[in-house]
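Peer 1: One structure, as structure tokens, below. Some questions next.
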Amino acid sequence: MRNYIIADNQELTRFALESLLKTYEGATVYHAFDRAGLVALLKEHESSVVLLDYTLFDFADEDQLLIVAERFNLSSWILISDELTPQFIRRVVYLSHQFSVVFKDGPMSEIREALQAANRHSRYLSQRALETIITQQKEGETSSILTTTEMEIVKAIALGKTTKEIAAERFSSVHTITTHRKNIFRKLGINTAHEAVKYALRAGLVDPSEFYI
């Protein structure tokens, strides 16, 4: 019998993953909706397979994710996301053998192979993940410089403004701001708004006293 923890805040994905896991004989499926809930479940079921959408979860950064994985070193993790930065994939893969990586827009066969690998306590990297790592190695660690518009959007994100609020202030569409946000995250090699805040503080885009008001 193997325990599985679905840590994905997208309802459709949760349903699809649970339906798939129910075809595995003896599988017990649990759901975690935040990091605290995930840790609590891992305390009870240390050797679980965790199916995580990192970009939609409340991990502050990859360091926090790696700490939790190391704490529960009997667990296996399958990262299933729409998009992960090359730097993130490379770091997580190099620092821990607990992580498999697939993408939500990939074929179902990849998720099945990742689950089979996790059940053998081995790792699976999808073709896209492998290509991402190889490309990132060739290009090196240099990030593109943000445009003036992108820096303004990073500042707005750091000040806690939502995509809708930023769009209204800039007389832009939500789609346009979402595209800018994806480009910013890609250039900076980050995955979460929390990491954008840290970048904005380090870059001096926001004053710490202003930020903590």
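The values are calculated or read from the model by the stated rules, or taken from the named source; none is laboratory data. Predicted, not measured: the structure shown is a model, and the values here were computed from it. Cβ coordinates were reconstructed from backbone atoms using ideal geometry, including for glycine residues, and neighbour counts include every protein chain displayed. Surface areas here come from the heavy atoms of the whole protein model, side chains and all, with no ligands, DNA or RNA. Shrake-Rupley method; radii C 1.70, N 1.55, O 1.52, S 1.80 Å.
Peer 1: Is one or more of the residues making up the stretch 138-145 more than 15 Å from LEU51 (Cα to Cα) and open to solvent by less than 60 Å² (accessible area, probe 1.4 Å)?
Peer 2: yes
Peer 1: Of the conditions (1) touching a residue at least 40 places away in the same chain (Cβ under 8 Å); (2) surrounded by fewer than 16 Cβ atoms within 10 Å (Cβ to Cβ); (3) of a type in the set (D, E, K, R), ASP53 clears all except one; give me its number.
Peer 2: (2)
Peer 1: Further question on the same structure: Please find, among ARG14, ARG2, the residue that is at negative phi, crowded, with 17+ Cβ neighbours inside 10 Å and out of contact with any helix residue (DSSP H, G or I) (no Cβ under 9 Å at 6 or more places or on another chain).
Peer 2: Exactly one of ARG14, ARG2 is at negative phi, crowded, with 17+ Cβ neighbours inside 10 Å and out of contact with any helix residue (DSSP H, G or I) (no Cβ under 9 Å at 6 or more places or on another chain), namely ARG14.
Peer 1: What tally of residues in the stretch 20-41 results from selecting those that are in contact with a helix residue (DSSP H, G or I) (Cβ under 8 Å, 6 or more places away or on another chain) and either within 26 Å of THR85 (Cα to Cα) or among the charged types (D, E, K, R) (or both)?
Peer 2: The number of residues fulfilling the criteria is 5.
Peer 1: Could you list, in sequence order, all residues of the stretch 87-104 that are in contact with an Asp or Glu (Cβ under 8 Å, 6 or more places away or on another chain), at pLDDT below 90 and open to solvent by 40 Å² or more (accessible area, probe 1.4 Å)?
Peer 2: GLN87, ARG91 - these are the residues of the stretch 87-104 that are in contact with an Asp or Glu (Cβ under 8 Å, 6 or more places away or on another chain), at pLDDT below 90 and open to solvent by 40 Å² or more (accessible area, probe 1.4 Å).
Peer 1: Follow-up. If you scan the stretch 160-195, which residues turn out to be touching a Phe, Trp or Tyr at 6+ places or on another chain (Cβ under 7 Å) and either assigned to a helix (DSSP H, G or I) or over 23 Å from SER81 (Cβ atoms) (or both)?
Peer 2: Within the stretch 160-195, LEU188 is the sole residue that qualifies.
Peer 1: Would you check if GLY37 is open to solvent by less than 30 Å² (accessible area, probe 1.4 Å), more than 15 Å from the chain's Cα centre (by Cα) and either without any contact (Cβ under 8 Å) to a residue 40 or more places away in the chain or over 30 Å from VAL197 (Cβ atoms) (or both)?
Peer 2: Here the answer is yes, as GLY37 does meet what is asked.
Peer 1: Related question: Can you find a residue in the stretch 116-125 that is farther than 30 Å from THR23 by Cβ and either modelled with pLDDT under 90 or surrounded by fewer than 16 Cβ atoms within 10 Å (Cβ to Cβ) (or both)?
Peer 2: no
Peer 1: On to the next question. Tell me yes or no: at least one residue of the stretch 182-197 is closer than 30 Å to LEU21 by Cα, of a type outside the set (Ser, Thr, Tyr) and at pLDDT 85 or above.
Peer 2: yes
Peer 1: Continuing with the same structure: Looking at the structure I just gave you, is ARG128 under 30 Å from LEU51 (Cα atoms) and at pLDDT 85 or above?
Peer 2: Yes.
Peer 1: Considering only residues that are out of contact with any strand residue (DSSP E or B) (no Cβ under 7 Å at 6 or more places or on another chain), touching a residue at least 12 places away in the same chain (Cβ under 8 Å) and part of a helix (DSSP H, G or I), which ones fall in the stretch 14-30?
Peer 2: LEU20
Peer 1: Next question, about the same structure. Determine which member of the set ILE78, ILE6 is touching a residue at least 24 places away in the same chain (Cβ under 8 Å), under 23 Å from PHE185 (Cβ atoms) and part of a strand (DSSP E or B).
Peer 2: ILE78
Peer 1: Go through the residues of the stretch 65-86 one by one and say whether even a single one is open to solvent by 30 Å² or more (accessible area, probe 1.4 Å) and small (Gly, Ala, Ser).
Peer 2: Scanning the stretch 65-86 turns up no residue that is open to solvent by 30 Å² or more (accessible area, probe 1.4 Å) and small (Gly, Ala, Ser).
Peer 1: A further question follows. Taking the condition under 15 Å from the mean Cα position of the chain (by Cα) and either open to solvent by 20 Å² or more (accessible area, probe 1.4 Å) or touching a residue at least 24 places away in the same chain (Cβ under 8 Å) (or both), does LEU42 pass?
Peer 2: no
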